[in-house]
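What follows is a short report on a single structure.
The values are calculated or read from the model by the stated rules, or taken from the named source; none is laboratory data. It should be emphasised that the depicted structure is a prediction, and the values quoted were computed from it without experimental measurement. Quick reminder, even Gly has a Cβ in these numbers, built from the backbone with ideal geometry, and neighbours come from all protein chains shown. Ligands, DNA and RNA are stripped out before the accessible areas are found, and what is left, the full protein with its side chains, is counted by its heavy atoms. Shrake-Rupley method; radii C 1.70, N 1.55, O 1.52, S 1.80 Å.
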Amino acid sequence: MKLTAKIVSIFLLGIVMLTALFGYLTVQSEYQQFKRIKEQNAASLGKEFRETLVVAWKSQGHQGAIRLVRDFANRHQQMLIRWVTTEENQPTSQADIPSKELALATPETVATITTEDSDGNEQYLIYYPIDIESSRAGYVEFKVPLNDVAEYTRLTTYRTTAIIIGMLACGLMIITLGIRMVGRRLDKLVEKTKRISQGDFSEPVEIKGDDEISELGAALNQMSDTLSQQQQELEAASSARISAMEQLRHVDRLKTVGRLASGMAHELGTPLNVVSGRAGLIASNRLSEDEVRDSALVIKSEADRMATIIRQLLDFARRRPPQQSVLDIGDVVSTAINLLKPMAHQRDVELTTTDCEPMITAVDPAQIQQVVTNLIVNAIHASSPGDQIRVSLFKQEATPPTDTKAPLREYCCICVADQGTGIADDAMPHLFDPFFTTKDVGEGTGLGLSVSYGIIEDHHGWIDVESQVGEGSRFTVYLPAQEA
Ligand code: ADP
């Protein structure tokens, strides 16, 4: 509606201004034309009786000229004609025009002036000069009433105003009809478009008629149906992708559990031996009451240790829906390190970590634990006996590598650095590809890094890798720090 009103108003304004200008210019041009014709008439009349006037003036002076002009005026009733002069103390009338302007008059270019009579009626005065022997004897004054012209101007103004009022009425009618035929129907289209942009594809828009707007409505409905269908397909594809991803993550988790299990078995061996030995001692009945209590406490403490190890392993293996919560990443990393210490110990690799300030942010702890475990297991695999793996946590200002123009913001970083084999240049570009592995069959699946990459991407972070063949590798995980 607003558009219809705007377009019609602009159009009307233009037309009204043009019509008013046209009316004004027509009146002006007719007015000038009228004056010009009267001037020409006056000049030709002046010329007509100039000779006789000269003779009359020469014989009787001003009195002769006055008489002659009066006779002439009686014969030309449509104009008032009289003899005037600029000389003072003469029996003749004085001209109503400044003498300076009058002096410039010639028979070809008469002097003119527009004045008002005592009744307020406009009149046009034309002065035709009469020169006798190079001196100016006087002027024939032609007085033309401008009443007719004023009447004409008034009529033209009335006519133009009537046309403008007519146009405004038409404009009002167009706006009213425009609102009914275009505005309201466009409003319906706008409302439907807004609903589509908000993802609401229900209720097709109903526009009656058989014109472009109803066609647009039909096209909009069709587009809405197509979008709705595509959205459903997308949702189905996306949930299939999420479930495939979850499946892959679970496979990777189980693979790690398998690897951890051998380290665990070794780790459980010692406490089991202690439990068995102490239980044997109690069973032998050779211990005092205090020694029995001591042995029972040792058995309990070893059993607790084993239960913790097994619970950690089970926790890690269990499938859980992704759930973010605000926590200290340091705790998640410590749990992963505790879980992996037996495996590192078995391979004679030292796994160390540095103390750091709490790094509180929103993460899914199970997923981050899976990532850290993957990185440490890879580091253990790449290390030789006697090597050291250092896990450190720190905060750093950075911009994502995919959007270097983004403003700097704070990230919580988890860095796993080893002194192992390093990564060859040709392997580097494929490191995060699913199923890329350089390990023997049965040793590696090539899922760890690709799954970790997906998890960190879901957390709006990234993984940075630096490596030198023969010297070691450093994997740094960047997770957005919690906004203050
Ligand atoms: P997998 O460990 O099952 O092979 P990953 O996706 O975890 O799968 O790792 C892919 C490959 O990346 C590994 O096979 C290895 O070649 C390389 N890699 C990963 N981490 C390291 C590391 N710390 N040192 C050397 N190579 C590594």
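Points to keep in mind about this one:
- Residues whose placed amide H lies under 5 Å from that of T353, excluding near-sequence neighbours: V391
- Take every pair of alpha-carbon atoms less than 8 Å apart whose residues are at least six positions apart; their mean separation over the length of the chain yields a relative contact order of 9 percent.
- Area of F435 that stays accessible when all protein chains are in place (1.4 Å probe, Å², to 10): 130
- Phi to ³J(HN,Hα) by Karplus 6.51 cos²θ - 1.76 cosθ + 1.60 over the stretch 42-56, Hz, x for Gly, Pro: 4, 5, 6, 5, x, 5, 4, 10, 4, 4, 4, 5, 5, 4, 4
- Apolar share of the accessible surface for the chain: 55 percent from carbon plus sulfur atoms, 1.4 Å probe.
- To the nearest ten degrees, helix 329-346 and the longest principal axis of the Cα atoms of the chain are 40 degrees apart.
- Of the trypsin sites (Lys or Arg not before Pro) found in the stretch 278-376, those that fall in a DSSP loop while having at most 11 other beta-carbon atoms within 10 Å are R286, R318, R319.
- Dividing the summed helix terms, -39500 (n - 2.57) for each DSSP H run of n ≥ 4, by the number of residues in the chain produces a 222 nm estimate of -20000 deg cm²/dmol to the nearest 500.
- Estimated vicinal HN-Hα couplings, Hz - the stretch 174-180 in sequence order (Karplus 6.51, -1.76, 1.60; Gly, Pro = x): 4, 4, 4, 5, x, 5, 5
- Candidate residues L260, L327: accessible-area rank, largest first, probe 1.4 Å: L327, L260
- Accessible-area order (highest first, 1.4 angstrom probe) of the listed residues F22, F432, F49: F22, F432, F49
- Between M359 and I329, G330, the built amide H atoms are under 5 Å apart, and every one of these is 5 or more places off in sequence or on another chain.
- Note on I37 and R474: their simple-model spin labels are 10.3 nm apart, each label 7 Å out from Cα toward Cβ.
- For Y411, nonlocal amide neighbours, meaning residues 5 or more places apart or on other chains whose placed amide H falls under 5 Å from its own, are Q396, E397, A398, A481.
- Applying the Karplus relation 6.51 cos²θ - 1.76 cosθ + 1.60 with θ = phi - 60° to the stretch 9-17 yields 3J(HN,Hα) values of 5, 4, 4, 5, 4, x, 5, 5, 5 Hz, where x marks Gly and Pro.
- Once the Cα-Cα distance is subtracted from the 0.36 nm per residue extended length, the L177 to A427 segment shows a gain of 82.8 nm.
- Average accessible area per residue (Å²) across the chain - probe 1.4 Å, nucleic acids and ligands excluded: 59
- Taking each residue as 0.36 nm, the span from S239 to H266 lengthens on full extension beyond its C-alpha to C-alpha distance by 5.7 nm.
- Across L102, L254, the residue with the most accessible area heads the list, and the full order at a 1.4 Å probe is L254, L102.
- Taking all pairs of distinct alpha-carbon atoms in the stretch 1-158, Kirkwood radius in angstrom: 18.0
- Solvent accessible area, Å² - T157, 1.4 Å probe, full protein context: 70
- Inter-label distance for E457 and A279, nm, one decimal - labels placed 7 Å from Cα along Cα-to-Cβ: 5.0
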